[in-house]
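A.B. asks: Here you go, one structure.
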Amino acid sequence: MDRFVPPHVIDIGEIRLRPFVDADADALFHTLLGDAAVTEWLPLPTHRSVDESRAFIRGCEDGWMRATRFTWALEDRTSRRLLAAIELVPSLPRAELGVIISRRDGHRRRRASLATLLKLIDWLMAQPQLCRLNAYCAPQGLAASTMTKLGFTLEGRLPHWEARPNRGEQAGDALLFAITRAPGACLTPLADRLARGQRVGLLQTFQA
């Protein structure tokens, strides 16, 4: 089976996806991983310092080098502001997708970020090695309510799936969402598969 390595840099309209670099540590800490509101339902503890975020970036760089985990910074191409982090962990023929979105004012280009995420999902599901894309969400988290609008299907609830350190829970439940295709089959792009009414509702959900 061919080695699965997605593009390092993806430019889609106003948004750029690129690997994190050491210089992003301050922005990563203040915009995402050091913000308790953002990390509340994540399985990793809220970062307490920029140094923790810098160590996280080193882990991201190692993931790219080993082709085991691919983490992008999602940034505004004009302002260079960090908007989100997207992580892909392949275990072919499946992969796991994770997204962390900033809640800070000035870092919430959600409409453009949504369009980028939809196009990334379409690209991933067009790769012949990939037949299944999983995403896990805390039932109480904000992401769970939008997953089906992104083309994912809710497959079930997983009891005691992962730690919730920021909630003081040893093991919390997770909702399993997935997009699947049979080997050799081609999926119609998400933008075409979603009904117009659903697209409008999704854009309103992610209003900038």
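The values are calculated or read from the model by the stated rules, or taken from the named source; none is laboratory data. Just so we're clear, the structure is a prediction, and the values are computed from it rather than from any experiment. Note: ideal-geometry Cβ built from the backbone for every residue, glycine included; neighbour counts use all protein chains shown.
A.B. asks: If the Cβ limit is 7 Å and pairs must be 6+ apart or interchain, which residue in the stretch 41-63 that is under 13 Å from Phe29 (Cα atoms) and without any contact (Cβ under 8 Å) to a residue 60 or more places away in the chain pairs with which residue that is part of a helix (DSSP H, G or I) and of a type in the set (S, T, N, Q)?
C.D. replies: Here the result reads His47/Ser53, each pair linking the stretch 41-63 to a residue that is part of a helix (DSSP H, G or I) and of a type in the set (S, T, N, Q).
A.B. asks: Whether any residue in the stretch 99-116 is in contact with a Lys or Arg (Cβ under 8 Å, 6 or more places away or on another chain), over 22 Å from Pro189 (Cβ atoms), without any contact (Cβ under 8 Å) to a residue 60 or more places away in the chain and surrounded by 20 or more Cβ atoms within 10 Å (Cβ to Cβ) is what I want to check.
C.D. replies: no
A.B. asks: If you take the residues of the stretch 142-154 that are modelled with pLDDT of 85 or more and under 20 Å from Glu87 (Cβ atoms), which of them is nearest to the chain's Cα centre (by Cα)?
C.D. replies: For the stretch 142-154, the residue satisfying everything is Met147.
A.B. asks: Tell me, yes or no, whether the stretch 121-140 has at least one residue that is hydroxyl-bearing (Ser, Thr, Tyr), buried (at least 17 other Cβ atoms within 10 Å of the Cβ), farther than 24 Å from Val9 by Cβ and out of contact with any His (no Cβ under 6 Å at 6 or more places or on another chain). Can you show your working first?
C.D. replies: Kept after step one, since they are hydroxyl-bearing (Ser, Thr, Tyr), are these residues of the stretch 121-140: 136.
Next, only the ones that are buried (at least 17 other Cβ atoms within 10 Å of the Cβ) stay: 136.
Those still in the list that are farther than 24 Å from Val9 by Cβ too: 136.
Of the ones still in play, those that are also out of contact with any His (no Cβ under 6 Å at 6 or more places or on another chain) are 136.
There is at least one residue in the stretch 121-140 that is hydroxyl-bearing (Ser, Thr, Tyr), buried (at least 17 other Cβ atoms within 10 Å of the Cβ), farther than 24 Å from Val9 by Cβ and out of contact with any His (no Cβ under 6 Å at 6 or more places or on another chain).
A.B. asks: While we're looking at this one, here's another question. Please find, among Asp11, Asp51, the residue that is acidic (Asp, Glu), outside any helix (DSSP H, G or I) and surrounded by fewer than 15 Cβ atoms within 10 Å (Cβ to Cβ).
C.D. replies: Working: Asp51 fails: outside any helix (DSSP H, G or I).
Criteria check complete, one pass: Asp11.
A.B. asks: Right, something else. How many residues, within the stretch 51-85, are in contact with a Leu (Cβ under 9 Å, 6 or more places away or on another chain) and of a type outside the set (S, T, N, Q)? Spell out the reasoning first.
C.D. replies: First, pick out the residues of the stretch 51-85 that are in contact with a Leu (Cβ under 9 Å, 6 or more places away or on another chain): 52-54, 56-57, 69-76, 82-85.
Then keep just the ones that are of a type outside the set (S, T, N, Q); that gives 52, 54, 56-57, 69-70, 72-76, 82-85.
Residues that pass the stated criteria total 15.
A.B. asks: Right, another one. Of the conditions (1) of a type in the set (Gly, Ala, Ser); (2) closer than 22 Å to Trp72 by Cβ; (3) modelled with pLDDT of 85 or more; (4) in contact with a strand residue (DSSP E or B) (Cβ under 6 Å, 6 or more places away or on another chain), Ala126 satisfies every one except a single condition; which number is it?
C.D. replies: All conditions are met except number (4).
A.B. asks: Looking only at the stretch 24-38, which residues are crowded, with 19+ Cβ neighbours inside 10 Å and touching a residue at least 60 places away in the same chain (Cβ under 8 Å)?
C.D. replies: Within the stretch 24-38, Thr31, Leu32, Leu33, Val38 qualify.
A.B. asks: I've got another one for you. Do you know which of the residues in the stretch 77-98 that are of a type in the set (D, E, K, R) and more than 24 Å from Gly141 (Cβ to Cβ) is surrounded by the most Cβ atoms within 10 Å (Cβ to Cβ)? Spell out how you get there, then give the answer.
C.D. replies: We begin by selecting, within the stretch 77-98, every residue of a type in the set (D, E, K, R); these are 77, 80-81, 87, 94, 96.
Going one step further and asking which of them are more than 24 Å from Gly141 (Cβ to Cβ), we end up with 77, 80.
Details: Arg77: 13, Arg80: 11.
Out of the qualifying residues, it is Arg77.
A.B. asks: Shifting gears a bit: For residues in the stretch 158-172 being more than 19 Å from the chain's Cα centre (by Cα) and under 13 Å from Pro139 (Cβ atoms), which is surrounded by the fewest Cβ atoms within 10 Å (Cβ to Cβ)?
C.D. replies: Among those that are more than 19 Å from the chain's Cα centre (by Cα) and under 13 Å from Pro139 (Cβ atoms), it is Pro159.
A.B. asks: Quick check: anything in the stretch 113-127 small (Gly, Ala, Ser) and in a helix (DSSP H, G or I)? Give the steps one after another, and end with the answer.
C.D. replies: Start the filter on the stretch 113-127 by keeping residues that are small (Gly, Ala, Ser), which leaves 113, 115, 126.
Right, trim to in a helix (DSSP H, G or I) and you get 113, 115.
Yes, some residue in the stretch 113-127 is small (Gly, Ala, Ser) and in a helix (DSSP H, G or I).
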